[in-house]
Amino acid sequence: MKLNACATALMATLVFPLASADDTAPWYAGVGFGQSNWNGTCPASVTAAQCDDTDFAWDLFGGWQFSRFIGVELGYTDLGKSRWDSQALSRTTDGSGVRLALTGRAPLMDNLFVVAEAGGFWHDLKIRNAAGSFSDDEIDPYLGAGLDYRVNQQLQLGVRFRHFHDMEVTEQFSPVEANYWGLQLSYHFGASPAPVAAAAVAPVVAPAKPATPPPPVQLPEPVVIPPATTVYFAFDSAELSGEERDKLKAIGRFMQEQPDAQAQIMGHTDGTGSNDYNIKLGERRADSVKQALHHDWQIDPARMKTGTLGERGAKPEANRPDRHVTINVTLE
């Protein structure tokens, strides 16, 4: 029964994001360690010294952040044990299980996010006392909250609190609850690392050839500077899609052929979000275009100047034409 639950939860995690995700949100996986605190496992008749209701706990998880704010996460959580002993009686309670939840996140600053979770916990709860061992598995709700700090595009550090509610084995025992506190580290698979500059190739010196008559004098063809080019970005993203990246071909080819050509790259955003956040987002978008020209066409970064106007001139709502970068080429 528990194996079927794991399979069902895994299929839900895979199918739902594929139907709703966009190209800007990656898969992630991680591990967490912390402490569990059990409630309702020790009777009121025992003293604090006789009741041990805290234990080491750990968590393995994976998920998909399929928009800026919403994701889904599947995890396995081991809550450890709770035990009490009196002169005549004793009881041990332990639990673990699979959790599946929708997650929500909102930025507090550039690399710090507040996170909330709401879902179900398919748990295997065991109780052992003098009368024997009792166990059962069922689904109960759980809630979670925490903070995530983005170290870089791949790694995030986080802190989590989760409350597992109303878990029970049989009607013989009262339901119990457990709280989980822990730290976690996650790795995001879909994030793209910064492009690596192509290695310089030493020129090959050809042997001298016999002098030949000079070719006929030909008038140079007129130089046609590419017009101003605009590329567009997804909501809250600084990643160039393949279609938008193709628009840079004419500029890249021209700047390869004309070593004196310069490019002015200016980033823009829509009207949502704070002004400080949009200024930095516009800078990242302009830098993404600069890195694409450097990586795809080996254009010297010193020949490209970037800047940002942030949300200046944008409409108040989220408007795709406002999320763009303009590239103007000049020939000195």
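The values are calculated or read from the model by the stated rules, or taken from the named source; none is laboratory data. This one's a predicted model, so the numbers in the text were calculated from it and none came from an experiment. Every residue, glycine as well, gets a Cβ built from its backbone with ideal geometry; the counts of neighbours run over all protein chains shown.
Below is a table of values for the structure above.
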quantity	calculated
Candidate set from the stretch 180-201 (those that are within 30 Å of TRP58 (Cβ to Cβ) and in a loop (DSSP other than H, G, I, E, B)); member that is modelled with the highest pLDDT	PHE189
Hey, ARG303 closer than 22 Å to PRO26 by Cα and of a type in the set (D, E, K, R) or not	no
Selected residue (only one of ALA101, ALA118, ALA57, ALA106 is more than 23 Å from PHE164 (Cα to Cα), within 29 Å of the chain's Cα centre (by Cα) and not in a loop (DSSP other than H, G, I, E, B))	ALA106
Some residue of the stretch 229-244 being aliphatic (A, V, I, L, M) and in contact with a His (Cβ under 8 Å, 6 or more places away or on another chain)	yes
Residues that are surrounded by fewer than 19 Cβ atoms within 10 Å (Cβ to Cβ), modelled with pLDDT of 85 or more and farther than 13 Å from LEU79 by Cα, drawn from the stretch 7-50	TRP27, ALA29, VAL31
Test: VAL204 is modelled with pLDDT under 75, part of a loop (DSSP other than H, G, I, E, B), under 30 Å from GLN298 (Cβ atoms) and not hydroxyl-bearing (Ser, Thr, Tyr)	yes
Of residues in the stretch 69-94 being among the charged types (D, E, K, R) and in contact with a strand residue (DSSP E or B) (Cβ under 8 Å, 6 or more places away or on another chain), the one farthest from PHE113 (Cα to Cα)	ARG91
Residue among THR47, THR93, THR103 that is in the same structural domain as HIS165 (by TED's automatic domain parsing), among the β-branched types (Val, Ile, Thr), in contact with a Lys or Arg (Cβ under 8 Å, 6 or more places away or on another chain) and at negative phi	THR93
Candidates GLU168, GLU221, GLU177, filtered to the one that is within 30 Å of PHE134 (Cα to Cα), modelled with pLDDT under 80 and not assigned by TED's automatic domain parsing to the domain that holds ALA292	GLU168
Odd one out for PHE66 among (1) out of contact with any strand residue (DSSP E or B) (no Cβ under 6 Å at 6 or more places or on another chain); (2) assigned to a strand (DSSP E or B)	(2)
Subset of the stretch 205-235 (residues that are in contact (Cβ under 8 Å) with a residue 40 or more places away in the chain and more than 19 Å from THR306 (Cβ to Cβ))	VAL223, ILE225, ALA234, PHE235
Subset of the stretch 262-287 that is within 20 Å of PRO226 (Cα to Cα) and hydrophobic (A, V, I, L, M, F, W, C) - its residue that is surrounded by the most Cβ atoms within 10 Å (Cβ to Cβ)	ALA286
Complete set of residues in the stretch 297-314 that are in contact (Cβ under 8 Å) with a residue 12 or more places away in the chain, in contact with a helix residue (DSSP H, G or I) (Cβ under 6 Å, 6 or more places away or on another chain) and not hydroxyl-bearing (Ser, Thr, Tyr)	TRP297, ILE299, MET304, GLY310, GLU311, ALA314
Residue in the stretch 75-93 that is buried (at least 19 other Cβ atoms within 10 Å of the Cβ) and farther than 25 Å from VAL176 by Cβ present	no
